[in-house]
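What follows is one structure encoded as structure tokens, with my remarks underneath.
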Amino acid sequence: MIGEHGMHLLALSHAYRVGWLKRVAERALSSRLTAEGVVDVMVLSQRCDAPRLHLQCLQLLSKDFAAVEQTEAWRFLQDHDPWLELHILQFLHHAHLAEQSLYAELHEAMDCLRHICTDGCGEAGPSGRLLPAHARPPCPNAVSCRGLRQLIRHFAACGREKRQQHGCRSCKRLWQLLRLHASICDEVDDASCKSRERNSLVFLSLRIHRQFKQRMQKRVGELEEDSERWRLLAKKVASARVMSQLVKRQSQLLV
């Protein structure tokens, strides 16, 4: 009942200042958002001072903008409200930049993880002891390397019961990074994932990484939807890596 007349109820509750009804109407509209009607709901949310609903409309626009562009409401908006169109396009642009920045950060984390597991970094050196400063390979990103070393040390010291029963944010974060790294690598015994000597911290991360690779290949207990999500993320991170390398080459040529 409320869902069918949500837009009318939102307008009336805003005009007559019925707060509880306005909140109910907002929830009803947000649960029924579609590409066909999101523009109309967004215009109404802007006029009825409903910022949460307005943000939800923007999020749907960013997810399915190709379908929204084909609607009559979007064409009407382009002809009659260029300022709102500009606001939407700016939001989409900033969302795209934020997404690319996130992929670039994940790319840096993958480089640092490969650097730690292959060459060692700081106290997590290949021989298990702190290397002299002149003998250490350069860090791709000192801050990211330091954070990853802390995560690996924490994972090695964190109790198994705590991880299994209550969960641990730091351990989950490392698992996710290793899961992403396993999705990016082409083979289980990839040369970039080998370590010459079995340092305790480095070997721990390598062992977990290879378990992920074997599980991905066997498809044991893994949902296809979840697997597809990780593959898509791996492709986007790999794309960010290629773009980063192109930017570096262009900057070197300019210098």
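Each value in this text was obtained by applying a stated rule to the coordinates, not by laboratory testing. Bear in mind the structure is a predicted one, so any value in this text is a computation, not a measurement. With ideal geometry, Cβ positions are generated from the backbone for all residues, glycine too; neighbour counts draw on all protein chains shown.
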Calc'd 3J(HN,Hα), the stretch 78-90, phi into Karplus 6.51 cos²θ - 1.76 cosθ + 1.60 (θ = phi - 60°), Hz, glycine/Pro = x, comes to 4, 7, 10, 9, x, 5, 5, 4, 4, 4, 5, 5, 5
Long-range amide H partners of Cys139 with built H, under 5 Å:
none
Phi-based couplings in Hz for the stretch 39-54 (Karplus 6.51, -1.76, 1.60; Gly and Pro marked x)
5, 4, 5, 5, 4, 5, 5, 5, 7, 9, 6, 10, x, 5, 5, 4
Just want to confirm a number: the relative contact order over the stretch 27-123, from Cα pairs under 8 angstrom separated by 6+ residues, in percent.
23 percent
Where the centre of each part is set by its Cα atoms, how far does the stretch 228-253 sit from the stretch 11-63, in angstrom?
37 Å
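For the stretch 6-80, what's the relative contact order in percent, using C-alpha pairs closer than 8 Å and at least 6 residues apart? Let's see the in-between values first.
On the way: 68 pairs, mean separation 21.9, N = 75.
About 29 percent, as a whole number.
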Got a sec? How would Cys145, Cys139, Cys158 order by Cβ neighbour count within 10 Å, fewest to most?
Cys158, Cys139, Cys145
